[in-house]
2 protein chains.
Amino acid sequence: MPELPSAAFDQLFRQARTYNAFSGEVSDETLHRLHELVKWGPTTANTCPARFVFVRSAQAKARLEPALDEGNRAKTMAAPCTVIVAHDLAFFEKSPVLFPHTDAKSWFDTKPKDELATIALRNGSLQGGYLLMAARALGLDCGPMSGFDNAKVDAEFFAGTRIRSNFLVNLGKGDPASIFARSPRLGFDEACRIE
Amino acid sequence: MPELPSAAFDQLFRQARTYNAFSGEVSDETLHRLHELVKWGPTTANTCPARFVFVRSAQAKARLEPALDEGNRAKTMAAPCTVIVAHDLAFFEKSPVLFPHTDAKSWFDTKPKDELATIALRNGSLQGGYLLMAARALGLDCGPMSGFDNAKVDAEFFAGTRIRSNFLVNLGKGDPASIFARSPRLGFDEACRIE
């Protein structure tokens with residue numbers, strides 16, 4: 001495969017920023033297109049544990065509000081859409097459909113709970129990364145956050161299930177006035193080594 | 001922002017596959033370019049907990065081999081490069097550099113170990129997702145895997161540190177004969193809801 005044009009590197013990585021204020025609307029069609037991309041990303045044995053709640057109505061936002069850290073409250077209430085990136089701890093119940101050529105369910109359903117939680121968090125977070133990249137590819141700006149009360153979100157949005165919240169993402173058209181100066185990153189030799 | 005051209009959606013998501021055999025070489029320059037993209041992806045308070053070991057030499061591959069599940073052994077030994085995607089549980093030691101405008105280190109260094117492990121796994125996995133997307137954007141094919149003994153990898157590659165392995169990724173030019181038929185994915189209504 002050839003590499004993507006440089007403008008794509010800018011849009012996905014180099015110029016993409018975490019915004020704190022958004023305008024615009026995020027339509028049902030856009031959310032469906034977003035999922036149509038995200039769903040193809042790889043996960044362990046195609047378990048696809050991520051579950052996404054797109055919080056868009058005033059009523060749903062009001063249910064989310066009490067769980068938000070003070071610093072994330074106003075911007076999240078004002079954003080066109082807030083995604084609850086979550087994962088299903090009972091993800092293996094879907095394995096007969098998602099990995100039909102063998103009994104993958106049996107690889108998971110006897111594992112201890114903490115191992116299942118690690119697998120769900122690893123793969124659900126990977127899918128959260130795909131969501132951020134897919135949103136940027138579609139021309140949306142993102143504001144990912146982990147400053148909120150996961151237990152409150154779980155009680156409000158996932159009661160009676162084994163679905164657990166992971167992190168949140170505000171979506172929309174980012175306001176360039178709302179971004180902070182770019183923070184430093186680790187150099188290659190701090191984050192990587194070649195052996 | 002406009003959306004990326006449709007060919008980019010194919011390359012990153014729709015046509016991208018998990019390969020089981022690879023050819024080609026992955027140069028130092030390519031690995032540096034990969035990190036130059038990955039490093040910009042967002043993480044909680046810019047903690048950037050992921051650490052990447054690019055296992056390329058025969059000697060390093062031989063150290064990795066005993067940790068691999070049988071089904072992942074031959075393909076990993078033959079791949080041009082295998083990335084150990086890992087994360088530093090002491091990630092907050094870098095906060096004074098990475099988040100210099102406030103004392104972010106104090107947000108983390110008093111947290112219980114299991115919370116720190118969750119934060120590192122969440123954000124390290126997100127960065128692993130960025131790595132897969134950046135590799136595909138650069139025209140590389142990927143073979144991500146979690147079938148290996150994490151403790152063995154940690155003992156061999158991260159002894160005496162608080163760095164822990166997360167998952168592995170083979171990199172190179174994928175052999176189309178090595179991919180399986182595409183497995184099903186969850187539909188929008190199974191994985192998502194709009195509220």
List the pairs from B:LYS39/B:LYS94; B:LYS105/B:LYS152; A:LYS94/B:LYS173; B:LYS61/B:LYS173; A:LYS39/A:LYS94; A:LYS61/A:LYS152 whose alpha-carbon separation is above 20 Å, in the order I gave them.
B:LYS105/B:LYS152; A:LYS94/B:LYS173
Per DSSP H run of at least 4 residues, take -39500 (n - 2.57); add these up for chain B, divide by its residues and hand me the 222 nm value, nearest 500 deg cm²/dmol.
-10500 deg cm²/dmol
Within chain B, what percent of beta bridges assigned by DSSP are antiparallel, to the nearest 5?
95 percent
For label points placed 7 Å from Cα toward Cβ, what is the shortest-first list of nm distances from A:LYS113 to its copies?
2.0
If you consider only alpha-carbon coordinates, what radius of gyration and Dmax does region A:54-195 have, in Å?
17.9, 53
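Of the DSSP beta bridges with both residues in the protein assembly as shown, give the percent that are antiparallel, rounding to the nearest 5.
85 percent
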Cα-centred dipole magnitude for region B:104-178, charges only on beta-carbon of K, R (+1) and D, E (-1), debye, nearest 20
240 debye
Defining a contact as two alpha carbons under 8 Å apart and six or more residues distant in sequence, what relative contact order in percent does chain B show?
34 percent
Students often forget the sequence filter, so: which aspartates and glutamates lie under 14 Å Cα-Cα from A:LYS75 once same-chain residues fewer than 8 apart are removed?
A:GLU65, A:ASP141, A:ASP175
Gyration tensor (alpha-carbon) shape descriptor, region A:35-133, a/c threshold 1.5:
prolate
What's the center-to-center distance, using Cα atoms, between region B:1-38 and region A:122-195 in Å?
20 Å
homo-copy label distances at A:LYS152 (7 angstrom along Cα-Cβ), nm, one dp, ascending, are 4.6
Through the Karplus equation 6.51 cos²θ - 1.76 cosθ + 1.60, θ set to phi - 60°, convert the phi angles of region A:31-37 into ³J(HN,Hα) values in whole Hz; use x for Gly and Pro.
5, 5, 5, 4, 5, 4, 8
Given the whole protein assembly as supplied and a 1.4 Å probe, what does the accessible area of A:ARG14 come to in Å², nearest 10?
80 Å²
Suppose you put the label 7 Å out from Cα in the Cβ direction; list, shortest first and in nm with one decimal, how far A:GLU29 is from each other copy's label.
4.3
In whole Hz, what ³J(HN,Hα) sequence does region B:116-131 give by Karplus (6.51, -1.76, 1.60; θ = phi - 60°), x for Gly and Pro?
5, 5, 5, 4, 5, 5, 4, 6, x, 6, 3, 5, x, x, 4, 4
Add +1 for every Lys or Arg and -1 for every Asp or Glu among the other residues with Cβ under 11 Å from the Cβ of B:MET77, and state the total.
+2
List the residue from chain A whose beta-carbon is nearest to the axis that rotates chain A onto chain B, together with that distance in whole Å.
A:GLY129, 1
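At 1.4 Å probe radius, can you tell me the per residue accessible area of region A:1-104 in Å²?
Computed with neighbouring chains in place, this is 41 Å² per residue.
The values are calculated or read from the model by the stated rules, or taken from the named source; none is laboratory data. For clarity, every value in this text was computed on a predicted model and none was experimentally measured. Counting neighbours? That spans all protein chains shown, and the Cβs are built from the backbone with ideal geometry, glycine included. Accessible surface areas use protein heavy atoms only, side chains included; no ligands, DNA or RNA. Shrake-Rupley method; radii C 1.70, N 1.55, O 1.52, S 1.80 Å.
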